[in-house]
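Report on the structure given below.
Readers should treat all values here as calculations from the given coordinates under stated rules, not as data from a laboratory. Keep in mind the model is a prediction, meaning the values are calculated, not measured. Cβ atoms come from the backbone with ideal geometry, glycine included; neighbour counts cover every protein chain shown.
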Amino acid sequence: MNALTDRDLILRARRGEVEPYGELVARHQTSVFNVCYRILHNRADAEDLAQETFIRALDRLHTFDLEREFSPWVRRVAANLCLNYLEAQKPSAELDEDRDEDKTQSPAEQVEVKERSAQIRMALASLPPQYRIVVELRHYQELSYDEIAVEMNIPLSDVKSHLFRARKLLAEKLHASD
Amino acid sequence: MHLTDNQLNEYLDNESAQRAEIETHLDSCAECAARLLALQTLFADLDSLPEAPLSKNLAARFAPRPSLPAQLPRWLTLTAVLQAAGALIALMIAVPFFSLMLPQVETPPFAIWLIEVQALWTSSLDALSNLALSFVEGYQFTNLPTYPVELSTLFIALAVVSIFWVFGNGLLLRNQTK
Ligand SMILES: [Zn+2]
């Protein structure tokens, strides 16, 4: 089964076979989970949304362009799901700024907070939902401004203003914690 | 005139149409070069974020379902056997009855054979009863079953068998839809 390409697996999954799709999920689940984890900053929510991503992706598999790579496509689906999730949570999220932060940190994890990666995750989590998605799509999924505008269905000018403000906020957070 | 934040961001994102002008200014302006470096440091920070491991296998949801057991449960097999036995008994009672009640219809050879079996069975019972009751003085055993039996008895027997049949098939169907 490892000799099969993603494309082979997708073709078989489209014919209704379950096992090839399971193999596809196994290949891409870590990167999809990390999209959700960077945006949501909460493990349990990120795992739920990653699972939901693969369910949605299976539903929309017939719309997938076989000439393209599966990974970028499924990671964009994940980012969109996370945005919808955050938008639905928005009112309470604004009332309680650190609601999204993982409260279930073990002592070992608390030590890691001092590490750079933990600081970066905290800084990302402090951004407004739309800013987080723009940073995710630009820095981790390497989409162009135009592609982000299409993906998020917002004007190009908003893509730029969200991204540049997000970077300013991130720089302030990370600089302050140095 | 220094470079704007937008110019620096677009330059680093490879989305700028004025690359040559920006580079000329950066070569001659330490302040703008420092701002560019700060932004590059942020990019590097974001790039350095490692992927977090998943704590559960999302592919498990898409594993093929175990196929239904080839054999029916023991109790269900027993039900089917009892149904068949019930149906056979009902047939044995009904066929001679109808062939006697409807003399104008030509009696099929199978029914004749069944009547003979029934007659043999009845006479055997007669013999047994006579043997057992020969010691009982003055008692005349006149109530041995003879055909045709009462119509109501037959219908009750058929109704009971039908109920068993419907119930048994209901169980079989319910098992299939699971
Ligand atoms: Zn300058």
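Model label points for residue B:78 and residue A:67, set 7 angstrom from Cα along the Cα-to-Cβ axis, are 6.6 nm apart. Taken residue by residue and averaged, Cβ atoms of other chains lying within 10 Å of the Cβ of A:22-33 number 4. Shielding value for B:48-56 is 6, the average number of Cβ atoms from other chains within 10 Å of each residue's Cβ.
Quick check: residue separation of residue A:44 and residue A:88 times 0.36 nm, minus the Cα distance between them. What number comes out in nm?
Gain in length upon complete extension: 14.1 nm.
Placing pseudo-labels 7 Å out from each Cα toward the beta carbon at residue B:122 and residue A:165 gives an inter-label distance of 10.1 nm.
Over the stretch A:1-92, the reciprocal of the mean inverse Cα-Cα separation, the Kirkwood hydrodynamic radius, stands at 13.6 Å.
To the nearest 0.05, how large is the calculated FRET efficiency for residue A:158 and residue A:14 if R₀ is 35 Å and r is the Cβ-Cβ distance? Efficiency for this residue pair is about 0.50. With θ taken as phi - 60° and the Karplus curve 6.51 cos²θ - 1.76 cosθ + 1.60 applied, the whole-hertz 3J(HN,Hα) list for the stretch B:39-44 is 5, 5, 5, 4, 4, 5 Hz, x standing for glycine and proline.
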